[in-house]
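Working notes for the structure below.
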Amino acid sequence: MRRGTFVRWGVPVAAAAVIAAAVGAGPVIAAVGGPPALPERSAQQLLADALAAAEKSPPPMSGTVQQTASLGLPALPAAGAGSPVALLSGSHEVKVWYGANGKFRIAMPTQLNETNLIVNEGQAWYWDSAANTATKLHWQGGARRSPAPSAPAATHADLTPQAAAEKVLEQAGEHTAIRVINTAEVAGRPVYQLVLAPKDDGSLVQEVRLALDGETYVPLQVQVYAKGAAEPAFQVGFTQVTFTPPAEENFTFTPPAGAKVEERSLGADGEAGKETRPGDADRAARGLKVVGDGWTRVAVVKASAADLTGGTPSDGERQGERQGEWRGHGGDEADGRAVVADLLKKATPVSGPWGSGRLISTKLVTALLTDDGRLLVGAVTPEEITEAAGVR
């Protein structure tokens, strides 16, 4: 992950990525309770159902998704609507449409503008009404179910229950206890509630609740609870959903007259000219290191205060900024740098055998910027992150 990209996406993405843990053998509790009535399923059965649903494209459906974040951050400088910085607090809505054969559309309306990502059988358009720019995207290696986080519509793609649930489920292991709590309703649909809880005390996560549709097992809501909290620190879920095929017109797009039109070819991982490389090799190529396992994983990237707040950019940042030019996210970059600068002013000075730095703590995420040029982020306690700072 390049430093410029990490600045924009590090905190919101790391919160979701670090809690993605493998699920071990937890207690089996049948789904019981009042209405709505659903057939009883054990935790292991529901986990298998959720994993199977994650392997497939969602069935034809459409709806409205709301994302709410309450991380306990101090007051932040104002950011543009739809910016990654804006997503760190408050509530935001997107509208989604899923069709057959990998077709989907995600739209984020704001007060005066709208951005859209429309994917139709391996071809995609990204429309930004504020910039009056339409970008035609081509994915090498075929169509994807969702864009990579560095693609221009990462803001949109991360705001779906399916994407959040996939991050929770994709790397599961022995570090998680699972159980089923009462059935409930989400957007008028009966759901099972699968609960994943870390076994490691070093995590800031108390539990993650996945609401799985009682008929299709598609995730309709994901809630992340911080330790000691009665309300979720992060939540993304449908407020309205319909499991009927959307009209084909939802997946067609013609640039409006007068719009600036661009065209880009992306590699299999969503970046120009790059091929997908899994696991450690991929992370190393992106300059990202991961310390720890399960829920206490910490992402480490080389970065200094100057890098994060607008100093002389590194080669990696220059490349990321060149790619960012066509995305129209110049304002997002400025928002991110302003927020980081403000947070660093309020950060707590810390030191240890690993050196010294500045610590930022929230309900769900801890970040450490070391004086030797490293940025560490994880859903972990300050003790865990300073311990990770000692790993070279």
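The values are calculated or read from the model by the stated rules, or taken from the named source; none is laboratory data. Just so we're clear, the structure is a prediction, and the values are computed from it rather than from any experiment. Reconstructed Cβ throughout: ideal geometry from the backbone, glycine too, with neighbour counts over all protein chains shown.
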When both residues are 6+ apart or on different chains and their Cβ atoms are under 7 Å apart, which pairs have a first residue that lies in segment 351-362 and is closer than 14 Å to LEU375 by Cβ, and a second that is assigned to a strand (DSSP E or B) and among the small types (Gly, Ala, Ser)?
ILE360/ALA367
Considering only segment 356-380, how many residues are among the hydroxyl-bearing types (Ser, Thr, Tyr) and under 15 Å from ALA226 (Cβ atoms)?
3
When segment 218-250 is examined, which residues are found to be aromatic (Phe, Trp, Tyr) and buried (at least 21 other Cβ atoms within 10 Å of the Cβ)?
TYR225, PHE234, PHE238
Evaluate segment 163-184: report whether one residue or more is touching a Phe, Trp or Tyr at 6+ places or on another chain (Cβ under 7 Å) and modelled with pLDDT of 95 or more.
no
I want to confirm something. Restricting to segment 20-52 and keeping residues that are within 20 Å of VAL222 (Cβ to Cβ), part of a loop (DSSP other than H, G, I, E, B) and modelled with pLDDT of 50 or more, which single residue is nearest to the chain's Cα centre (by Cα)?
ARG41
Go through segment 40-56 and report how many residues are touching a residue at least 12 places away in the same chain (Cβ under 8 Å), of a type outside the set (A, V, I, L, M) and farther than 16 Å from ALA197 by Cβ.
3
Assess whether GLU215 counts as being of a type in the set (Asp, Glu), over 14 Å from VAL96 (Cα atoms), assigned to a loop (DSSP other than H, G, I, E, B) and touching a residue at least 40 places away in the same chain (Cβ under 8 Å).
no
Would it be correct to say that THR242 is under 30 Å from LYS136 (Cα atoms), at pLDDT below 95 and not hydrophobic (A, V, I, L, M, F, W, C)?
no
Quick check: is even one residue across segment 372-385 part of a helix (DSSP H, G or I), closer than 18 Å to LEU204 by Cα and among the β-branched types (Val, Ile, Thr)?
yes
Of all the residues that make up segment 188-212, how many are surrounded by fewer than 20 Cβ atoms within 10 Å (Cβ to Cβ), more than 17 Å from ALA177 (Cβ to Cβ) and in contact (Cβ under 8 Å) with a residue 60 or more places away in the chain?
1
Within segment 91-115, track down each residue that is assigned to a strand (DSSP E or B) and among the small types (Gly, Ala, Ser).
SER91, ALA107
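So that you can scan it fast, the table gives a plain yes or no per residue for (1) within 20 Å of ASP201 (Cβ to Cβ); (2) modelled with pLDDT under 90; (3) buried (at least 19 other Cβ atoms within 10 Å of the Cβ):
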{"site": "ARG327", "(1), (2), (3)": "no, yes, yes"}
{"site": "GLY330", "(1), (2), (3)": "no, yes, no"}
{"site": "PRO349", "(1), (2), (3)": "no, no, no"}
{"site": "GLY355", "(1), (2), (3)": "no, no, no"}
{"site": "THR362", "(1), (2), (3)": "yes, yes, yes"}
{"site": "VAL391", "(1), (2), (3)": "yes, yes, no"}
